[in-house]
Amino acid sequence: MISKTAIVGASSGLHARPAARFSQAVADSGIDVDITFQGTGVDASSVLEVMTLGVGSGDEVTLSTANDADASILDELVALLASDLDAE
């Protein structure tokens, strides 16, 4: 298992549009990714589950996947979370 942390850059946190854009990117990656916030982990490809975490702007989350070979995909997802998904 591999895990990476990210600071959420979206000004509204992971709500509605930013959560949808992030979850779609996870689904498009083709790997299983969990996102964890304050001890609660959910399937990162599910926009509804991601939104239920209540992640705000500047909050730290952890992304994890079972296969160490997928580290580069996690790096891309971390960079996506760090961007302002509201502005794009």
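Here are the numbers:
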{"quantity": "Odd one out for SER29, checked against (1) touching a strand residue (DSSP E or B) at 6+ places or on another chain (Cβ under 7 Å); (2) open to solvent by 20 Å² or more (accessible area, probe 1.4 Å); (3) under 15 Å from ASP75 (Cα atoms)", "calculated": "(1)"}
{"quantity": "Test for GLY9: is it surrounded by fewer than 16 Cβ atoms within 10 Å (Cβ to Cβ) and at pLDDT 95 or above", "calculated": "no"}
{"quantity": "Hits in segment 48-76 - residues which are open to solvent by 50 Å² or more (accessible area, probe 1.4 Å) and either out of contact with any Gly (no Cβ under 6 Å at 6 or more places or on another chain) or of a type in the set (Lys, Arg) (or both)", "calculated": "LEU48, GLU49, MET51, THR52, GLU60, ALA66, ASN67, ASP68, ALA69, SER72, ASP75, GLU76"}
{"quantity": "Spans of strands (runs of 3 or more DSSP E) in segment 1-85 with at least 2 residues touching a residue at least 60 places away in the same chain (Cβ under 8 Å) and hydrophobic (A, V, I, L, M, F, W, C)", "calculated": "2-7"}
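The values are calculated or read from the model by the stated rules, or taken from the named source; none is laboratory data. What you are looking at is a predicted structure, and each value in this text was computed from that prediction instead of being measured. We place every Cβ from the backbone using ideal geometry, glycine too, and count neighbours over all the protein chains shown. Note: accessible area is taken over every heavy atom of the protein model, side chains too, but ligands, DNA and RNA are not part of it. Shrake-Rupley method; radii C 1.70, N 1.55, O 1.52, S 1.80 Å.
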